[in-house]
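The structure appears below as structure tokens.
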Amino acid sequence: MNRDLAFGRLLAIANVLSERVFEEGRQRISTKYLTKLGQHPAKAFEKIHAELMEYAHCFGEEELYLMDLFGEILAEMDEADFSNEPLNGVYLQAYYSQQHSLHNAIGVEEAAEIWGLSPGYVKNLCANNKIIAKKIGKTWVVDKTQPNPKNLKEQPSPE
């Protein structure tokens, strides 16, 4: 994976995590590190990771999904990528793109609550590709921008 893209995606994930678990009034990751990451990626990444780990005890299902995604990106990177060689502007494009899609990701429990369905039914919809969702490990992550699938319940499945 391109180094700049990877760091941009990592920053977006870290920022969404900070929005979800940091207490009110605490600076979000992007506010603090957007420019620093571009100038000194390894140094900034180390600080970002340390700040997130301070809040690991606050992570729920959705946050654990984000951490899995974070880990997948890290696994695709080489050790040599973690230098302080400045990034080019591509990291900003990756950050904004990833940020947008992550704000639409929710867990099964939240989707079930929003749609007025049981979590088990939502998991079945995910498993049967009836809704837009992705399985990360044992966790389904659902795109919250899609229409309510409640009407699927009453319709016979196509054969």
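The values are calculated or read from the model by the stated rules, or taken from the named source; none is laboratory data. Bear in mind that the values here come from a model prediction, so they are computed numbers and not experimental data. Ideal geometry is used to build each Cβ from the backbone, glycine not excepted, and the neighbour counts take in all protein chains shown. Keep in mind that these areas ignore ligands, DNA and RNA; they rest on the heavy atoms of the full protein, side chains included. Shrake-Rupley method; radii C 1.70, N 1.55, O 1.52, S 1.80 Å.
Which one, (1) -0.55, -0.62, -1.04; (2) -0.29, -0.43, -1.10; (3) -0.35, -0.50, -1.06, gives log10 I(q)/I(0) by the Debye sum over Cα atoms at q = 0.09, 0.11, 0.18 Å⁻¹ as derived from the coordinates shown?
Checking each listed value against the structure points to (3).
Could you tell me the distance between the Cα centroids of the stretch 37-86 and the stretch 121-151, to the nearest Å?
Each part's Cα centre sits 27 Å from the other's.
Roughly to the nearest percent, how much of the accessible area of the stretch 43-87 is carbon and sulfur, given a 1.4 Å probe?
Numbers: 1290 of 2560 Å².
Roughly 50 percent of what the probe reaches on the stretch 43-87 is carbon or sulfur.
Tell me the mean residue ellipticity at 222 nm calculated for the chain from its helices only (DSSP H runs of n ≥ 4, each -39500 (n - 2.57), averaged over every residue, nearest 500). Walk me through the intermediate numbers first.
Details: 7 runs with 89 residues, N = 159.
-17500 deg cm²/dmol, from helical runs alone.
So for the chain, averaging the separation of alpha carbon pairs under 8 Å that are six or more residues apart and normalising by length, what relative contact order in percent results?
On the way: 181 pairs, mean separation 46.4, N = 159.
Computed over the chain, the figure is 29 percent.
Which is farthest toward the positive dipole end of the stretch 69-146 among Gly71, Ser118, Gly137, measuring Cα position about the Cα centre, with Cβ charges +1 (Lys, Arg) and -1 (Asp, Glu)?
About the Cα centre, the residue reaching furthest to the positive side is Ser118.
Using the Karplus curve 6.51 cos²θ - 1.76 cosθ + 1.60 with θ = phi - 60°, work out ³J(HN,Hα) for each residue of the stretch 93-105 in order, rounded to whole Hz, and write x for Gly and Pro.
Each residue of the stretch 93-105 in turn: 4, 5, 4, 5, 5, 5, 4, 4, 5, 5, 5, 9, 8 Hz.
Assigning unit charges at the beta carbon (Lys, Arg +1; Asp, Glu -1) and nothing else, what dipole magnitude in debye, to the nearest 20, does the chain show about its Cα centre? Walk me through the intermediate numbers first.
Working: 17 positive and 23 negative charges, 65 e Å.
Dipole magnitude for the chain comes out near 320 debye.
Please compute the per residue accessible area over the chain with all protein chains in place, 1.4 Å probe, rounded to a whole number of Å². Intermediate values should be presented prior to the final figure.
Working: 8870 Å² over 159 residues.
Counting only protein heavy atoms, the per-residue value for the chain is 56 Å².
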